[in-house]
Amino acid sequence: MRHISITACLLLITLAMTSSTTAAAHTVYHKTHPTCNRNHTHIITADTQAVVYSLFDAENAFGCAFSQGHQYELGPLPIEGSCGPNGCLVINHIVLAGPLVAYEYFSTAGQGELREEETLIVIRDLRNGHILHRIPTGTPIPPSPRVIGSGPVESMVLKSDGSVAWINEYSVGKITSYEVHAFDKTGSRVLATGTNIVPNSLALAGSTLYWIQEGKPFSAMLH
Amino acid sequence: MRHISITACLSLVVLVMACPTATVARTVRHKTHPSCNRNHTRIITADAQAVIYRTVEAFEPSIVYGCTYSQGHPYKLGEFPTIGSCGSGACGSIGQEVLAGQLVAYEHFSTMGREELREDEFLIIVRNVRNGHVLRRIPTGISAPGSRLKGAGPTTVIALKSDGAVAWINEHLPRTSETEPEYEVHAYDKTGNRVLAAGTNIAPNSLALAGSTLYWTQEGKPFSATLH
């Protein structure tokens with residue numbers, strides 16, 4: 001009789017433990033799943049549909065759409081020592097538009113004459129992690145098979161349909177110049193070039209793109 | 001003896017059940033506190049430091065709140081405009097919310113009285129959502145003398161800098177023409193409050209900000225000014 005009551009008691013305890021653990025796991029999953037897990041994170045940018053953040057070690061950027069709650073690694077952030085003698089890989093200028101994210105992807109490999117460099121604009125959908133576009137920031141001057149893109153991005157704007165525009169810097173000899181680029185339904189085009197473009201002047205209102213050149217405002221449509 | 005063992009067994013069961021629940025409650029409180037409580041809400045706008053959202057409850061007014069991630073404390077900003085929310089008598093609502101860091105700017109519309117005695121008020125309000133403080137309350141423009149209107153009319157778009165400088169485009173009321181509304185571009189910054197442009201040919205949603213450079217479109221052409 002004593003054995004039976006001990007067994008019954010142990011059974012009850014096991015049952016209680018199993019049911020409360022399951023309930024606890026269910027509660028935590030339900031609460032954290034749809035809102036993107038952002039514990040111990042630093043928010044880089046956010047909008048109504050998504051968030052981009054880094055962990056407190058600030059090494060990598062992650063993106064997450066609130067509707068899905070799944071995080072996707074975007075790439076390493078520029079930190080001291082991220083570009084060593086053997087090359088580097090960093091992402092920068094992260095912007096959101098709805099569930100889409102755009103960022104500059106910069107990588108180098110090799111040294112001296114064998115050095116390869118790539119500067120791209122990457123557009124991704126944070127609902128599924130898919131890469132929608134990988135666009136060189138421009139055409140290198142002079143053209144080189146080991147160089148893709150033409151210098152770093154200074155500012156970038158994104159529309160929620162995936163159209164993107166950016167200003168990038170490039171150098172010819174000792175002269176630093178800038179280009180205003182657009183990539184949309186009509187294709188990829190250079191809207192302006194010159195040493196007198198203000199590198200951080202790019203702005204977007206709806207589909208109207210603005211920038212400053214020679215002290216004057218200019219605009220174009222981002223279709 | 002049997003009673004004692006049954007009681008001990010039941011106590012153990014209760015303890016085992018209570019233990020993980022307490023742990024979960026502690027964990028959930030820790031997890032939800034710093035990120036602003038947004039159950040049953042819809043996000044209006046968000047940036048790296050704060051979020052503006054509204055409640056969505058059946059048969060209840062939709063209330064707009066602002067909250068910084070660092071504090072996790074929501075501050076009530078006002079009522080979201082819904083159909084029928086201004087049925088008769090006094091009412092008020094907010095709209096055009098825009099964030100810049102931990103500051104939010106929005107239009108506050110209120111009305112009192114009926115027909116000839118009706119008074120409308122259109123204000124731009126700038127608040128710090130870290131502590132709820134109101135930094136500025138600015139009429140959207142100058143209304144005609146003797147008018148029952150405070151502010152010039154409803155805003156179509158607002159642009160905000162993280163230091164509290166603000167610009168907006170508003171429709172000027174009352175309309176002088178049935179077909180062509182007149183718009184004004186306003187700026188309020190360290191240099192004061194000024195009208196940058198006015199006319200029927202201003203694109204009402206064309207305002208954009210890049211750093212301190214403000215843009216708008218008038219007569220199909222881009223214009224710019226500095227927001228100090």
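Using a basic spin-label model with each label point 7 Å from the Cα along Cα→Cβ, how many nm lie between B:Asn131 and B:His228?
Placing both labels 7 Å beyond Cα along the Cβ direction yields 2.6 nm.
Report the semi-axes of the equivalent ellipsoid for the stretch A:88-223 in whole Å, largest first, where each axis is √(5λ) for an eigenvalue λ of the Cα gyration tensor.
Equivalent ellipsoid of the stretch A:88-223: 23, 21, 11 Å, largest first.
Using each residue's phi in the stretch B:93-101, evaluate 6.51 cos²θ - 1.76 cosθ + 1.60 at θ = phi - 60° and report the 3J(HN,Hα) Karplus result to the nearest Hz, with x for Gly and Pro.
8, 10, x, 6, 5, 9, 10, 8, x
For B:Glu115 and B:Asn39 in one chain, what is 0.36 nm times their gap in residues minus the Cα-Cα distance, to one decimal in nm?
Answer, rounded to one decimal: 23.4 nm.
Within the stretch A:44-58, whose backbone N sits under 11 Å from a point 7 Å along Cα→Cβ of A:Ser67?
Correct set: A:49-50.
Distance in nm between label sites at B:Ser162 and A:Thr139, each 7 Å beyond Cα in the beta-carbon direction?
3.8 nm
In peptide B:205-213, how many Cβ atoms from other protein chains are near each Cβ within 10 Å, on average?
Whole-number average of other-chain Cβ neighbours for B:205-213 is 6.
At a Förster distance of 25 Å, what's the computed FRET efficiency of A:Gln111 paired with A:Ile131, Cβ-Cβ distance as r, to 0.05?
Efficiency at R0 = 25 Å is approximately 0.30.
So, in nm, how far is label B:Glu178 from label B:Ile142 when the simple model puts each one 7 Å beyond its Cα toward the Cβ?
Spacing of the two 7 Å Cα→Cβ label points: 3.1 nm.
Measure out, as a whole number of angstrom, how far apart the alpha-carbon centroids of the stretch A:54-83 and the stretch A:93-129 sit.
With the stretch A:54-83 and the stretch A:93-129 each reduced to a Cα centre, they are spaced 13 Å.
Please compute, for peptide B:214-224, the average count of beta-carbon atoms on other protein chains lying within 10 Å of each residue's beta-carbon.
5
Arrange the peptides A:167-173, A:59-65, B:57-63, A:188-194 so that the one whose residues have, on average, the most other Cβ atoms within 10 Å appears first.
Packing proxy ranking, top to bottom: A:59-65, A:167-173, A:188-194, B:57-63.
Is there a simple number for the mean count of other chain Cβ atoms within 10 Å of the Cβ of residues in B:47-53, and what is it?
Per-residue shielding by partner chains comes out at 4.
Only the coordinates and a few stated rules stand behind these numbers; no lab work does. Just so it is clear, the model here is predicted, and its values are computed rather than measured. Ideal geometry is used to build each Cβ from the backbone, glycine not excepted, and the neighbour counts take in all protein chains shown.
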